[in-house]
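Asker: Quick one: the structure is below, and I'll ask about it shortly.
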Amino acid sequence: MPRKKKDEVEETVVEAADAGAVDATAVEATPADGDASTSEASPAEAGAASADEADAPAKKTRKSNSEAETAGTTGILDSVLGTAAGALETVAVAVGKGAANIAAVVGGGSTEDLPTGKVHKRAEKVGIVASDKMTKTVTVRVDRLVKHPVYRKYVRKRKKFMAHDDLGAKIGDKVKIVETRPLSARKRWRVVEILQKAEL
């Protein structure tokens, strides 16, 4: 006797853990747009077909879950790799510029492209040459007025500095001296300009 197609058929799929067998029992299925099909199939074929149809959504769900996990991991990996690549590129540019600057200085090339960092202004003092008896060295006396902390009167203070002299300053010349690296045990200044020659 031919079977009539029911409006709703319930089947479920249960996976057996050890054998991996599929039990088809009940899954809701509705005909599309009320379209009734007149094809007939044997109960065994219907059970196998419904098991495959029921297994398909489970496979899709498993596949979508694994794809979501992979996409999430891939997204994180992509962002980490992008950040690392950006940092690496910045370091490479900085190292390249540093190497170019060193090559320019060593090779005697132009130093116009060199970075101008903080330039510390060296201390300058103006004084009068007190002695010129040493070779290429003069003693410069620097006078300054300082307010006395108790009496509030201005007091004249004097200090002598040993300075390297390539300009040939004589006793009584007013000179400008600039702080420099230690040139000897007591000499840390250099004469850069003779401001006024001594009157003879």
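The values are calculated or read from the model by the stated rules, or taken from the named source; none is laboratory data. Values in this document were obtained by computation on a predicted structure and should not be read as measured data. Note that we place each Cβ from the backbone using ideal geometry, even for glycine, and neighbour counts take in every protein chain shown. These accessible areas exclude ligands, DNA and RNA; they are computed on the full protein's heavy atoms, side chains included. Shrake-Rupley method; radii C 1.70, N 1.55, O 1.52, S 1.80 Å.
Asker: Order HIS120, HIS164, most accessible first, counting only protein heavy atoms with a 1.4 angstrom probe. If you can, show how the numbers build up before the last one.
Answerer: Numbers: HIS120 145, HIS164 45 Å².
Ranked list, largest accessible area first: HIS120, HIS164.
Asker: Does a label point 7 Å from the Cα of GLU199, set along Cα-to-beta-carbon, have any residues of the range 149-186 with amide nitrogen under 19 Å, and which are they?
Answerer: 170-175
Asker: With a 1.4 Å probe and all protein chains kept in place, how do THR90, THR180 rank by accessible area, largest first? Walk me through the numbers before you get to the answer.
Answerer: Numbers: THR90 95, THR180 30 Å².
Per-residue accessible area, sorted high to low, gives THR90, THR180.
Asker: Oh, and also: Mind checking the range 136-180 for trypsin sites (Lys or Arg not before Pro) that DSSP puts in a loop (not H, G, I, E or B) and that have at most 15 other Cβ atoms within 10 Å? All intermediate terms of the calculation are to be shown ahead of the outcome.
Answerer: Numbers: sites: LYS136, ARG141, ARG144, LYS147, ARG152, LYS153, ARG156, LYS157, ARG158, LYS159, LYS160, LYS170, LYS174, LYS176; in loops: LYS136, ARG152, LYS153, LYS170.
The qualifying sites are LYS136, ARG152, LYS153, LYS170.
Asker: Amide H of GLU193: which non-local residues (sequence gap of 5 or more, or other chain) have their own amide H closer than 5 Å, using H built in the peptide plane?
Answerer: It is LYS176, by chain and number.
Asker: Could you run the Karplus curve 6.51 cos²θ - 1.76 cosθ + 1.60 with θ = phi - 60° over the range 86-92 and give me ³J(HN,Hα) per residue in whole Hz, x for Gly and Pro?
Answerer: Per-residue couplings from phi come out as x, 5, 5, 5, 4, 5, 4 Hz.
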